[in-house]
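These notes are about the structure you will find just below.
The values are calculated or read from the model by the stated rules, or taken from the named source; none is laboratory data. The model shown is predicted, which means the values in this text are computed figures rather than measured ones. Cβ placement follows ideal geometry from the backbone for every residue including glycine, while neighbour counts extend to all protein chains displayed. Note: accessible area is taken over every heavy atom of the protein model, side chains too, but ligands, DNA and RNA are not part of it. Shrake-Rupley method; radii C 1.70, N 1.55, O 1.52, S 1.80 Å.
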Amino acid sequence: QRRVRGQVTSMKMLIVLLLAVLGVVYPKTPLPMEKKVYIRREHSLIKPYSSLNMDTPLWDYSGSTIVSNNEVRLTPDHQSKNGRVWNTIPLMSRNWEILMEFKVHGSGRTLYGDGFALWYSQDRHLQEGPVFGAKNGFTGLGIFFDTYSNHNGEHSHGHPYISAVVHNGTQMYDHDTDGTHNELAGCQSSFRGQKHDTFISIKYINNILSVHTDVRGKNKWTKCFEEKNVVLPIGYHLGLSASTGQLADNHDVMMLKTYEVDLVEGQTFNQEEALKLVPSAEGEPDRPHVDDVKPLFSRRVYTIFYICFGLVFILAVGGIGYTYYQKYTIGRNKKRFY
């Protein structure tokens, strides 16, 4: 009996060791931050994928989007690409949490772009547009994953950068300033080019929008921002979009799970009223677009000036050197005759 017990104990230790190793090799997908949640599969993207199961009434895709078994690639690492994926069924949950695994990577080491977006919007923008591959003048919420800085002025920030924008259809996203003129909140996040899995949690509960990230490979959530008094109606559509310009990247989504969250204590819900709500947020008021101060001369003029200056400098140095050489040669020849 002791021998049998010893073998069982050894087997248990071996199983624990194997599970520990597997836990290192295959990191566990983070669980949703909220406890009382119910997954809504009709609003989720769960692998394995295929072009067959994407051709369903649940999701539409357009542009450069490519679907494989393990990922939905919104754009490949090529210039001037854009892609979109949109859920066909409106989300009717008052409180929700979205858990997404994504990967942004490419051949560029210092220059890459442009980024991708997660949408909760009134319309499904399957046509190409200037806001990370989707239409401008949208109504709803946009979570933007911006990897390239277009603006170096007063409201600039580091990149990669995650931000939230709430529009009611009358505002326009200002691409030239990276959306800082109507941004609700945001944070810098080193999600691009990581070898480990990267995740984000987006929660909308009782008019509070919060975003947390897990991009360091530590299986630990880090707070990006939390904003109160954010009004979003029910019945909008989830979507994803991405774009590249002169710079490029792969923008991949491995998994997107949408959870319905129970009403919190004291929260009420009237479906008819929730459908009529107009998106709004009590963040910093929109600032008007202000063009960057243009230099007196264009970059081309400065380039020509520097080239001309360099040529003049080289000719001057060459002339001085040639004059010195001639004087040296004449003086040396005179010494030979004396």
Does residue 107 satisfy the condition of being part of a loop (DSSP other than H, G, I, E, B), under 25 Å from residue 245 (Cα atoms) and out of contact with any Gly (no Cβ under 9 Å at 6 or more places or on another chain)?
yes
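Confirm whether residue 235 is at positive phi, modelled with pLDDT of 95 or more, touching a Ser or Thr at 6+ places or on another chain (Cβ under 7 Å) and surrounded by fewer than 22 Cβ atoms within 10 Å (Cβ to Cβ).
Working: at positive phi: yes; modelled with pLDDT of 95 or more: yes; touching a Ser or Thr at 6+ places or on another chain (Cβ under 7 Å): no; surrounded by fewer than 22 Cβ atoms within 10 Å (Cβ to Cβ): yes.
Considered against the rule, which asks whether it is at positive phi, modelled with pLDDT of 95 or more, touching a Ser or Thr at 6+ places or on another chain (Cβ under 7 Å) and surrounded by fewer than 22 Cβ atoms within 10 Å (Cβ to Cβ), residue 235 comes out as no.
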Scanning segment 35-55 residue by residue, those of a type in the set (A, V, I, L, M) and at pLDDT 85 or above turn out to be 37, 39, 45, 46
Going by what's in this entry, would residue 98 be described as of a type outside the set (Ser, Thr, Tyr), within 27 Å of residue 276 (Cα to Cα) and crowded, with 21+ Cβ neighbours inside 10 Å?
yes
Subset of segment 74-94, residues open to solvent by 40 Å² or more (accessible area, probe 1.4 Å) and either in a strand (DSSP E or B) or under 13 Å from residue 235 (Cβ atoms) (or both), comes to 89, 90, 92
Residue count, segment 238-282, condition surrounded by 13 or more Cβ atoms within 10 Å (Cβ to Cβ), within 19 Å of the chain's Cα centre (by Cα) and in a loop (DSSP other than H, G, I, E, B), comes to 5
If we ask which residues in segment 65-87 are in contact with a strand residue (DSSP E or B) (Cβ under 8 Å, 6 or more places away or on another chain) and free of Cβ contacts under 8 Å to residues at least 24 places away in the same chain, their number turns out to be 3
* Residues in segment 16-27: is at least one within 27 Å of the chain's Cα centre (by Cα), surrounded by 11 or more Cβ atoms within 10 Å (Cβ to Cβ) and at pLDDT 70 or above? -> no
By residue number, the members of segment 192-207 that are open to solvent by 10 Å² or more (accessible area, probe 1.4 Å) and either without any contact (Cβ under 8 Å) to a residue 60 or more places away in the chain or over 30 Å from residue 267 (Cβ atoms) (or both) are 192, 193, 194, 195, 196, 197, 207
Scanning segment 208-223 residue by residue, those part of a strand (DSSP E or B), among the hydrophobic types (A, V, I, L, M, F, W, C) and either at pLDDT below 95 or open to solvent by 20 Å² or more (accessible area, probe 1.4 Å) (or both) turn out to be 208
Taking segment 110-147 and the residues there that are closer than 14 Å to residue 242 by Cβ and aromatic (Phe, Trp, Tyr), the one that is most open to solvent (accessible area, probe 1.4 Å) would be 112
